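Inspection log for the structure reproduced underneath, given as structure tokens.
Bear in mind these aren't lab numbers, they're just calculated from the coordinates by the rules spelled out. If you're wondering where the values come from, they're calculated on a predicted model, not measured in any experiment. Because the Cβ atoms are built from the backbone with ideal geometry, glycine has one as well, and the counts that use them run over all protein chains shown.
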Amino acid sequence: MKKTVITYGIIAGMITGGLMLATMPLFVNGIVKMENGLWIGYTGMVIALSLVFFGVKSFRDQHAEGKITFGKGLLVGVGITLIASLFYVIAWEITFSRSGEWFMQQWITGELDKLKTSGATEAELQIAEQKWDEFGLLYQNPLIRFGMTLMEIFPVGILISLISAALLRKKEFLPSSNN
């Protein structure tokens, strides 16, 4: 199990981390708008974490004689997710070290602009600006940033792990050609 988890986790991590490192310069240089970052980021996560499904299937077919329990499938999926998530967080830390100030400024400005266009009062804007400034200071703490970044990708991987474990526990679902 360990070899499957490590192999698929590293591949998924390289994809998601690589996408992070490749796309951030597109935002910084204005080629892609920040508003699209959420869609681009989560699409990349889902693509990379689709390897959870293939990792669970590989383990079931090659090491578990074509049968896997829900719990074992979930364990394999969560292991892959943990490794991929670690790569993602490391890629973000590299990215943040290069463009963190710019990113925070864009993020805060974007959120305040949303409030303005929604009709927020001047007092509401001042309160929001103060809260965002406090958040910006909090985000400078690497442990807080690590946790927040982890919570971007980890739940996606858990969801994909649950789906994969549920589907692949049935040996009739995409059976191995060896069986």
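Tabulated results
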| read-out | value |
| --- | --- |
| Filtered residue count, region 119-157, keeping only those that are surrounded by 15 or more Cβ atoms within 10 Å (Cβ to Cβ) and among the basic types (Lys, Arg) | 1 |
| Conditions (1) over 18 Å from the mean Cα position of the chain (by Cα); (2) part of a helix (DSSP H, G or I); (3) touching a residue at least 24 places away in the same chain (Cβ under 8 Å); (4) surrounded by 14 or more Cβ atoms within 10 Å (Cβ to Cβ); number of the one not met by residue 68 | (2) |
| Output for region 35-53, where each listed residue is without any contact (Cβ under 8 Å) to a residue 60 or more places away in the chain and either within 12 Å of residue 9 (Cβ to Cβ) or loosely packed, with under 15 Cβ neighbours inside 10 Å (or both) | 36, 38, 39, 43, 47, 48, 51 |
| The one condition in (1) part of a helix (DSSP H, G or I); (2) more than 13 Å from residue 154 (Cα to Cα) that residue 86 fails to fulfil | (2) |
| Candidate set from region 75-118 (those that are among the hydroxyl-bearing types (Ser, Thr, Tyr) and crowded, with 18+ Cβ neighbours inside 10 Å); member that is nearest to residue 56 (Cα to Cα) | 81 |
| Sole exception among (1) under 26 Å from residue 1 (Cβ atoms); (2) over 23 Å from the mean Cα position of the chain (by Cα); (3) part of a helix (DSSP H, G or I) for residue 48, by number | (2) |
